[in-house]
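Have a look at the structure below before the remarks.
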Amino acid sequence: MSDKLLEVTNLSKLYKIGGLVIGSLLAAVDAVDISMPGDRATILSVVGESGSGKTTLARMMLRLVDPTSGTIQLEGRDIYKGGFRDRDFKAAVQPIFQNPFESFSIHRHVDAYLYDTARNFGIAKNRKEAQTVVAEVLESVGLDMNRVAGKYNSQFSGGELQRIAVARALITRPKLIVADEPVAMIDASLRMNVINLFKRLQDEFNVNLIYITHDLSTAYYVSDHIAVMYRGSIVEYGPSNEILTEPAHPYTELLLDSVSKIGEKWRDDVPLPDVEIKEYGAKACKFAERCRYVKDICRRLKPPMVSIDEERRSLCFRPVDYQEQQVS
Amino acid sequence: MMQLTDVKAYYDTPRGPVQAVDGVTLDIRENEVLSIAGESGCGKSTLVKVLYDYMPHPLRLVSGEILATIPQDNGETLTLREHEIRDYWWRHISYIPQASMSILNPVVRVERQFYDAAGGRYARGNRRELRKQIISYLRELELPEEVLTSFPHQLSGGMRQRVIVALATFMHPKIVLGDEPTTALDVVVQRGILTMLTRLQRQMQNTLVIVSHDMGVHYQISDRMAIMYAGKIVELGPTEALFHGAMHPYTDNLIKSLPRIGDRDVRTGIPGAPPSLLNPPKGCRFEARCPHVMDVCRREEPPFHEERDDHMVACHLF
């Protein structure tokens, strides 16, 4: 398996909720498997609604949160137990966060963060070398040194700041960037500048990207693969053009029906099971109560992860005609 | 229904006035869904505050006229000017803010908040009657009766927003204003609430004004659409016409930049950033980012005029 860039196996994170004595466990991430190939750079989108566990998943991949069980391997090495030194790991996997105005302090020049990164990771030995490195990464995100030097974060637009955050992440020459809702706070007219930058990083710098988002249309535009999350589980996985044009899982279908598309008005007859309902036991499909194709078996048993074709998987009884499966 | 004439509303700051709404002329019609689009800081929320006559310091109405003509049940028309509108909050005009925890009183059950909103019209003894009306209204909106005895924090985000919509529409106001009413909600919930809003509008035949940054929302719900840029309305027209034949270069490029599912053609953002509203440029405010910029754009402000049928634009190209 060492030819894979990233291999996430049976990853779970449980949070305790409620009182000291009774309390219950909430599976924020529930037995997730993901892999990214190592032979070429790819972009994987993780889409889902709030509370689906996509941010927890991202934080585990960045080593910001410890998993309860399961493993994450980067190029065949376990990121927690594989003896990664903190600096080596951070050089290989870089984060980009949602709010660019919070990524940079209002009291520091934004370029100070770039110099710090260059020095701390040993990319540059002195200020002069650092300057070359910083100028280089800024150029690769389409910004000019003179535009950035000695300025504070209030002097930039959200889109520019996010591009500076990307430039900072590029300094360590990472293999993987994990971006958690990187364009959610950015205005529509500037959003594509950041999204296109991700594509360029993939093509020109061979950087892999995990793009965490709730926005299906940018996920479709930028990514090679999409994983759809619902209440901690990946319910569907596959190539992005297939998933969003012919969804296999009823939840993906519901999401697609709900997106406010341009050029195609909502039909009135689509049932909208959007009222939140109580959690079903772990021994059932989590989506059963909202599903328009639900059958009895979905409320009794955990659905299997079914391979629909070579690359696509769906966590559902429907593709197997609601027949009980051998758990594999 | 409502008419704004050259309205200017500024925020006073130590560095000078921020010209958030700067010379907006707009007529809002009866029985229509009008939506206002624009990026953050373009003044769209400020415009709604002006419509709602809610201008707390440092926001202040600098100049311009606001006129609301509200048809009454008895056939007469009520005419309201600026600073009179607030006397008719809830009854004739209501406001739905962005989905948030902070709009409902956190220590009071939802039921009490309904009584407070409907307050004055009902004497104490009529509570039971009022409660019946509230319950039947909630049932109409397919909301469970239990929400009345709940505290706001016990409701999910989507449910809370539905309760706010119910509150805002309970008195059958003639004008409902919504400032990003579904932003920060999940798409499925968002669709549910937007559907609820437009259905209510069709039933009550009133006016719904929705502010959103999401162009998809505009396409789905509105009859007419206004595009704001840096404190001004730059384009206004029927929603379909705007999406299919945008005139202003900002609108045009904005719509072209939106990715669509099923279409992987390369999109590009608009370079640059909006100007500061402390010291906006003298001519057209989009001049620095416009691909068709001409000399005249830097010198003179383009007039906002009707170029095509019911379709207004402020651009020197037309």
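The values are calculated or read from the model by the stated rules, or taken from the named source; none is laboratory data. Predicted, not measured: the structure shown is a model, and the values here were computed from it. No Cβ is skipped: glycine too gets one built from the backbone with ideal geometry, and neighbour counts run over all protein chains shown. Ligands, DNA and RNA are stripped out before the accessible areas are found, and what is left, the full protein with its side chains, is counted by its heavy atoms. Shrake-Rupley method; radii C 1.70, N 1.55, O 1.52, S 1.80 Å.
When segment B:199-221 is examined, which residues are found to be closer than 19 Å to B:Glu39 by Cα, more than 11 Å from chain A (Cβ to nearest Cβ) and touching a Ser or Thr at 6+ places or on another chain (Cβ under 7 Å)?
B:Ile210, B:Val211
All but one of (1) surrounded by fewer than 19 Cβ atoms within 10 Å (Cβ to Cβ); (2) part of a helix (DSSP H, G or I); (3) within 13 Å of chain B (Cβ to nearest Cβ) hold for A:Gly142; state the number of the condition that does not hold.
So A:Gly142 meets the others, but not (2).
With in contact with a strand residue (DSSP E or B) (Cβ under 6 Å, 6 or more places away or on another chain) and crowded, with 17+ Cβ neighbours inside 10 Å as the only criterion, which of A:Ser69, A:Ser52, A:Ser103 stands out? Working first, answer last.
Details: A:Ser69 fails: crowded, with 17+ Cβ neighbours inside 10 Å; A:Ser103 fails: in contact with a strand residue (DSSP E or B) (Cβ under 6 Å, 6 or more places away or on another chain).
Selected residue: A:Ser52, the only one of A:Ser69, A:Ser52, A:Ser103 that is in contact with a strand residue (DSSP E or B) (Cβ under 6 Å, 6 or more places away or on another chain) and crowded, with 17+ Cβ neighbours inside 10 Å.
If you take the residues of segment A:28-49 that are buried (at least 20 other Cβ atoms within 10 Å of the Cβ) and of a type in the set (Gly, Ala, Ser), which of them is modelled with the highest pLDDT?
In this case the residue turns out to be A:Ser45.
Please work out which one of (1) open to solvent by less than 10 Å² (accessible area, probe 1.4 Å); (2) away from every other protein chain (no Cβ under 14 Å); (3) within 22 Å of B:Pro271 (Cβ to Cβ) is the condition A:Ile186 fails and give its number.
With (1) open to solvent by less than 10 Å² (accessible area, probe 1.4 Å); (2) away from every other protein chain (no Cβ under 14 Å); (3) within 22 Å of B:Pro271 (Cβ to Cβ) applied to A:Ile186, the lone miss is (2).
Does at least one position in segment A:147-165 carry a residue that is basic (Lys, Arg), open to solvent by 20 Å² or more (accessible area, probe 1.4 Å) and under 24 Å from B:Leu254 (Cα atoms)?
yes
Residue by residue, here is whether (1) within 23 Å of A:Ser217 (Cα to Cα); (2) open to solvent by 10 Å² or more (accessible area, probe 1.4 Å) holds:
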residue: B:Val217; (1), (2): yes, no
residue: B:Ser222; (1), (2): yes, no
residue: B:Ile227; (1), (2): yes, no
residue: B:Glu235; (1), (2): no, no
residue: B:Glu240; (1), (2): yes, yes
residue: B:Ala246; (1), (2): yes, yes
residue: B:Ile255; (1), (2): yes, yes
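Which is open to solvent by less than 40 Å² (accessible area, probe 1.4 Å) and either modelled with pLDDT under 90 or among the aromatic types (Phe, Trp, Tyr) (or both), of B:Pro280, B:Pro302?
So the residue among B:Pro280, B:Pro302 that is open to solvent by less than 40 Å² (accessible area, probe 1.4 Å) and either modelled with pLDDT under 90 or among the aromatic types (Phe, Trp, Tyr) (or both) is B:Pro280.
What number of residues within segment B:182-195 satisfy the criterion of being more than 10 Å from chain A (Cβ to nearest Cβ) and either touching a Cys at 6+ places or on another chain (Cβ under 6 Å) or open to solvent by less than 10 Å² (accessible area, probe 1.4 Å) (or both)?
Result for segment B:182-195: 0.
For B:His172, state whether it is touching a helix residue (DSSP H, G or I) at 6+ places or on another chain (Cβ under 9 Å), open to solvent by 10 Å² or more (accessible area, probe 1.4 Å), over 23 Å from A:Asp215 (Cα atoms) and part of a helix (DSSP H, G or I). Break it down into steps so the answer makes sense when it comes.
Values: touching a helix residue (DSSP H, G or I) at 6+ places or on another chain (Cβ under 9 Å): yes; open to solvent by 10 Å² or more (accessible area, probe 1.4 Å): yes; over 23 Å from A:Asp215 (Cα atoms): yes; part of a helix (DSSP H, G or I): no.
Taking the combined requirement at face value, the residue does not satisfy it.
Identify, by number, the condition in (1) within 13 Å of another protein chain (Cβ to nearest Cβ); (2) open to solvent by 40 Å² or more (accessible area, probe 1.4 Å) that A:Ile123 doesn't meet.
(1)
Report whether or not B:Gln201 is open to solvent by less than 30 Å² (accessible area, probe 1.4 Å), touching a residue at least 24 places away in the same chain (Cβ under 8 Å) and touching a Lys or Arg at 6+ places or on another chain (Cβ under 7 Å).
Against the criterion (open to solvent by less than 30 Å² (accessible area, probe 1.4 Å), touching a residue at least 24 places away in the same chain (Cβ under 8 Å) and touching a Lys or Arg at 6+ places or on another chain (Cβ under 7 Å)), B:Gln201 does not qualify.
Conditions tested, residue by residue: (1) surrounded by fewer than 18 Cβ atoms within 10 Å (Cβ to Cβ); (2) in contact (Cβ under 8 Å) with a residue 40 or more places away in the chain; (3) within 13 Å of the chain's Cα centre (by Cα).
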site	(1), (2), (3)
B:Leu51	no, yes, yes
B:Arg60	yes, yes, no
B:Ile85	no, no, no
B:Ile93	no, yes, yes
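Criterion first (over 22 Å from A:Pro182 (Cα atoms), under 24 Å from the mean Cα position of the chain (by Cα) and surrounded by 18 or more Cβ atoms within 10 Å (Cβ to Cβ)) does A:Ile79 satisfy it?
Yes: the conditions hold for A:Ile79.
Please verify whether A:Asn193 is at the interface with chain B (Cβ under 8 Å from one of its Cβ atoms) and either touching a residue at least 40 places away in the same chain (Cβ under 8 Å) or hydroxyl-bearing (Ser, Thr, Tyr) (or both), treating the condition exactly as stated.
Details: at the interface with chain B (Cβ under 8 Å from one of its Cβ atoms): yes; either touching a residue at least 40 places away in the same chain (Cβ under 8 Å) or hydroxyl-bearing (Ser, Thr, Tyr) (or both): yes.
Yes.
Of the residues A:Thr252, A:Thr245, which is within 8 Å of another protein chain (Cβ to nearest Cβ), at pLDDT 60 or above and either open to solvent by less than 20 Å² (accessible area, probe 1.4 Å) or under 21 Å from B:Leu258 (Cα atoms) (or both)?
A:Thr245
Return yes when B:Ile103 is aliphatic (A, V, I, L, M) and surrounded by 21 or more Cβ atoms within 10 Å (Cβ to Cβ) and no when it is not.
Criteria not met by B:Ile103.
Give just the number: which of (1) crowded, with 19+ Cβ neighbours inside 10 Å; (2) among the hydrophobic types (A, V, I, L, M, F, W, C); (3) under 20 Å from the mean Cα position of the chain (by Cα); (4) more than 15 Å from B:Val176 (Cα to Cα) does B:Phe114 not satisfy?
(3)
Which of (1) in contact (Cβ under 8 Å) with a residue 60 or more places away in the chain; (2) open to solvent by less than 20 Å² (accessible area, probe 1.4 Å); (3) within 14 Å of another protein chain (Cβ to nearest Cβ); (4) more than 19 Å from A:Leu161 (Cβ to Cβ) does A:Asn208 not meet, given it meets every other one?
So A:Asn208 meets the others, but not (3).
Tell me which strands (runs of 3 or more DSSP E) are completely within segment A:1-78 and hold 3 or more residues being among the charged types (D, E, K, R) and touching a residue at least 12 places away in the same chain (Cβ under 8 Å), or say none if there are none.
Details: elements: A:4-17, A:24-37, A:43-47, A:69-74.
Filter on segment A:1-78 gives A:4-17.
May I ask you to verify whether A:Lys199 is open to solvent by 10 Å² or more (accessible area, probe 1.4 Å), within 14 Å of another protein chain (Cβ to nearest Cβ) and closer than 22 Å to A:Ala91 by Cα?
Criteria met by A:Lys199.
Kindly indicate whether any position in segment A:293-313 is modelled with pLDDT of 80 or more, within 14 Å of chain B (Cβ to nearest Cβ) and either closer than 30 Å to B:Pro259 by Cβ or open to solvent by less than 30 Å² (accessible area, probe 1.4 Å) (or both). It would help to see each step written out before you state the result.
Applying the first criterion (modelled with pLDDT of 80 or more) to segment A:293-313 yields A:293-313.
If we keep only those that are within 14 Å of chain B (Cβ to nearest Cβ) too, we end up with none.
No, that holds for no residue.
Within segment A:63-80, which residues are within 26 Å of A:Arg40 (Cβ to Cβ) and out of contact with any helix residue (DSSP H, G or I) (no Cβ under 7 Å at 6 or more places or on another chain)? So that I can check it myself, show each step before the final result.
Kept after step one, since they are within 26 Å of A:Arg40 (Cβ to Cβ), are these residues of segment A:63-80: A:63, A:70-79.
Once the filter is applied, which keeps residues that are within 26 Å of A:Arg40 (Cβ to Cβ) and out of contact with any helix residue (DSSP H, G or I) (no Cβ under 7 Å at 6 or more places or on another chain), segment A:63-80 yields A:Gly70, A:Thr71, A:Gln73, A:Glu75, A:Gly76, A:Arg77, A:Asp78.
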